[in-house]
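Taken together, the values in this text are just the output of simple stated rules run on the coordinates, not laboratory data. None of these values were measured; they are calculated from a predicted model. Cβ: placed from backbone, ideal geometry, glycine included. Neighbour counts: every protein chain shown.
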Amino acid sequence: MPTRARSQRVNPLLGVYFGIFAASLAGLVILLMIFEQLGVVDSRLRSVMTLGSLALYAAIGVTAYTKLPHDFLLSGRRVPSFYVGLGLAVSALGGTGLVAFTGILFLAGFDGLCLPVGLVTGFVISVLLIAPFLRKFGAPSLPTFLCLRFESNLVRLVAASVVVVPLLLLVVAELRIAQMSIVWLLGLSDGLAVLMAATIVAVTLAAGGTRSLTWSSAAQALTALTTVLLPAAIVAVLMTNLPIPQLSHGPILKSLVRLEEVQAIPVGFADRLAFDLPGQQAQAIVGRYATPFATVGPLAYVLAMLGMMLGLAGSPSLLARSSATSSVYEARKSIGWAVFLSGVVVLTMSAQAVFTRDVLVSQIAGSPTSSLPSGLRALVDMGWAEIVSRAPTLSATGVAFKRDAVLQSLPVLLGFPSSLVNLIVVGVLAAALATAAGSLNQMATILGEDVLGGPVAEPHEPGRRLLVDRGMIAVVAAVGALVAAISSRDPLDLMLWSLAYSAALFPVIMLAIWWKRTSALGALAGLAAGCAVTTLGLLLGAAGLFPLAAPLVPAIGAPAALVATLVVTRLSPNPKRHILEMVRDIRVPGGEPIYDRELRLARQQRQRRT
Amino acid sequence: MIERKERKPYWRHTKWQMLTSLVPFLVIMVVFPIYAGRLNGFKFLGFPLGYFLACHGLVLIAIITVCVFVNRQDALDHWHGANEDA
């Protein structure tokens, strides 16, 4: 293993700090469980837990205050790869992914795998094709990268307006999930909950921008991971005697498959391009768990997986994050951590879904409708499940479950203390806030640096620059809260739309690195064509005029962007020599980041002129 | 810092490195789900094999691909003197 001297040292006590954070979190949970047994009112425990964790994130964000643009925009380029990986893994799935994917896996079984597994594989594409090169370039935002690479301010503005779309969609989706969690935890009204979520994100970010984002989202990611992994491990110990649910749910699945055959749960057959995964409203299970292609056709499954993959690889907020690492090697390693952690989360989701289905099929099915099992009764009282059949005995398909509550339902079904349920919702809230903060920060950077700071490539002096960036964080948070309060769309849909847009960005970013000749006109054509085709596909799909569902839209959006870039570049003149030289430089690790060099050259030129 | 004349061979190696990681992975991504139904008759660790490969298999292969790539690419950087130890 090579050893590396870091030019800028990171705080050596970092691991200790986060160890203390994780330990205090675990301590808090155990303490609350004790208080619950002592008979303290549940709602009070919930508010202590929620407000305590939120105050902690905000405190971390505020203490990361900085006056330097280098820290505010790039987190000083000295973050160890593990912490970047933590943030990447959790914000790849987000709060939306945590709740919706678990629900989909439980309700639709095998077919639901295409979305989360597709997202995990996106990291592979990202590390092979994009992320290390963007770290070498070192730009704080995607439009800045494209602007300097193509030497065109028009590209910067067009890219800024195209990139903002997926970011806003993701912010809104995550704020909606945060809203649902806060409503459940604190009992606030919907509007107030959105306002609270957006305020917390803005307060966390305003002091230190990307620096605050990095450290607060590392804490949020730790919370989210603990709360997903811990309850699953407890359930696994009870059901399989091993605390590794990710690998040990096989035997449970085996008996589940047998039981589903005995109970004659119907098997569906989907059309090749059909894509019909469960929506937000309560729904009974569809098909057998391990039998593929009941609701999603085989072709649609593969296309959706590839679409998710490109969407993740082109996601502007994630790409900006791995630029905070200290070297190109560390950037690659951060993606390694991200793929590992998100993979573990996805396998845990699969285990959760199997455990919940097993409880449904082996314990609930067959009990009389007149006297429901206590776990199910509690679930129905909370509004997370409904009895839909009028038959005297319950069947597995006679109970409808809310997709976004399946993750929290398992502890309720098994009669665990309600602290565990609260803990899961707090974790979902943490993941939602981390993802919302990541997208919001990137959006504010784009508005501040590329739209208001641009079109000239010479930034203002630091004080004014940071004032603009901080102002933009407030503006974007307000806009996000407003849209989230108005929209009533399923958050998963918003997330899938966001991924469809970022998948259309992927070809342009990839070609900017891998094809030296790519010209500014080609990039413009690619951005415009990708965005236009994706918008058309999504709108027509939503109106029912077009057969492709949202996860399949990248299958037309990304090729459109690719073809447009290729064709227009072929038709336009060759780029200038120094641009070719710059691209050669992007491809090699080491040396001064190109963003820094360009800024330095611009500054020197200005000084020579005056 | 890399020497100028090393750039071309470095990029050629990097391209091959990328392709040998990417192409098998994409093939697996398409093949595993398509044959999942037929593979489900076999069992592995209790899982139906088709499900295991489409879920655990792909995730594990993704992790392995990334780890191998990061190590190989780092070795390549060192070989061509493109590492950042300076």
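For A:Ser374, A:Ser152, the sequence from fewest to most other C-beta atoms within 10 Å is A:Ser374, A:Ser152. Using the Cβ-Cβ distance between B:Glu6 and A:Val10 with R0 = 41 Å, the FRET efficiency computed as 1/(1 + (r/R0)^6) comes to roughly 0.85. Only alpha carbons enter this Debye calculation for region A:86-175, each as an equal point scatterer, and the log10 of I(q)/I(0) it gives at q = 0.17, 0.21 Å⁻¹ is -0.91, -1.13. Shape class for the protein assembly as shown, computed from the alpha carbon gyration tensor (a ≥ b ≥ c): prolate, with a/c not under 1.5 and a/b above b/c.
Would region A:230-353 count as rounded, prolate or oblate if I go by the C-alpha gyration tensor, calling it rounded below 1.5 in a/c and otherwise prolate when a/b exceeds b/c, oblate otherwise? Note, shape of region A:230-353 comes out oblate.
What is the helix-to-structure angle for B:58-79, meaning the angle in degrees between its Cα long axis and the longest Cα principal axis of chain B, kept from 0 to 90 and rounded to the nearest 10? Between helix and principal axis, roughly 10 degrees. Classified by the C-alpha gyration tensor, region A:456-610 has an oblate form. Its axis ratio a/c, with a ≥ b ≥ c, is 1.5 or above, and a/b does not exceed b/c. Helices in the protein assembly as shown, meaning DSSP H runs of at least 4 residues, each add -39500 (n - 2.57). Divided by all residues, the mean residue ellipticity at 222 nm is -23000 deg cm²/dmol. Label sites at A:Phe269 and A:Ser24, each approximated as a point 7 angstrom past Cα along Cα to Cβ, lie 6.0 nm apart.
Counts of other chain beta carbons within 10 angstrom of each beta carbon in peptide B:33-40 average 5. Mean partner shielding of peptide A:251-264, defined as the number of other chain Cβ atoms within 10 Å of each residue Cβ, is 2. In terms of the mean number of neighbouring beta-carbon atoms within 10 Å, the peptides A:433-442, A:99-108, A:534-543, A:576-585 order highest first as A:433-442, A:99-108, A:534-543, A:576-585.
For the Cα atoms of chain B, what angle does the longest principal axis make with the long axis of helix B:7-34, in degrees from 0 to 90, nearest 10? Approximately 10 degrees, to the nearest ten.
For region A:188-239 and region A:534-610, what is the separation of their C-alpha centers, rounded to whole Å? The two parts, judged by their Cα centres, are 32 Å apart. Averaged over peptide B:48-58, the number of partner chain Cβ atoms lying within 10 Å of each residue's Cβ comes to 6.
Close amide H partners of A:Gln283, meaning residues 5 or more places away or on another chain with modelled amide H under 5 Å apart, are A:Phe401, A:Lys402, A:Arg403.
For chain A, the longest principal axis of the Cα atoms and the long axis of helix A:210-240 meet at an angle of about 30 degrees. One Cα centroid belongs to region B:28-86, the other to region A:352-399; the line between them spans 38 Å. Computed from backbone phi, the HN-Hα couplings of region A:160-165 come to 4, 6, 6, 6, 5, 4 Hz, rounded to whole numbers (Karplus: 6.51 cos²θ - 1.76 cosθ + 1.60, θ = phi - 60°; Gly and Pro given as x). In terms of distances greater than 20 angstrom between alpha carbons, the cross-link table entries A:Lys136/A:Lys333; A:Lys67/A:Lys136; A:Lys254/B:Lys43; A:Lys136/B:Lys15 yield A:Lys67/A:Lys136. Given R0 = 22 Å, the distance between the Cβ atoms of B:Leu26 and B:Ile64 translates into a calculated FRET efficiency of 0.90.
Computed from the C-beta positions of A:Leu580 and A:Asp381, the FRET efficiency with R₀ = 60 Å rounds to 0.35.
Placing dummy labels 7 Å off each Cα toward the beta-carbon, the span from A:Tyr17 to A:Gln363 is 4.2 nm. Across region B:50-86, the residues whose backbone nitrogen lies under 18 Å from the label position 7 Å along the beta-carbon direction of A:Asp596 are B:82-86. 3J(HN,Hα) along region A:191-201, derived from phi through the Karplus expression 6.51 cos²θ - 1.76 cosθ + 1.60 where θ = phi - 60°, amounts to x, 5, 5, 4, 4, 5, 4, 5, 4, 4, 4 Hz, with x in place of Gly and Pro. Couplings 3J(HN,Hα) of region A:320-328, computed from phi: 5, 5, 6, 6, 7, 7, 8, 7, 5 Hz, in residue order, whole Hz [Karplus 6.51 cos²θ - 1.76 cosθ + 1.60, θ = phi - 60°; x for Gly and Pro].
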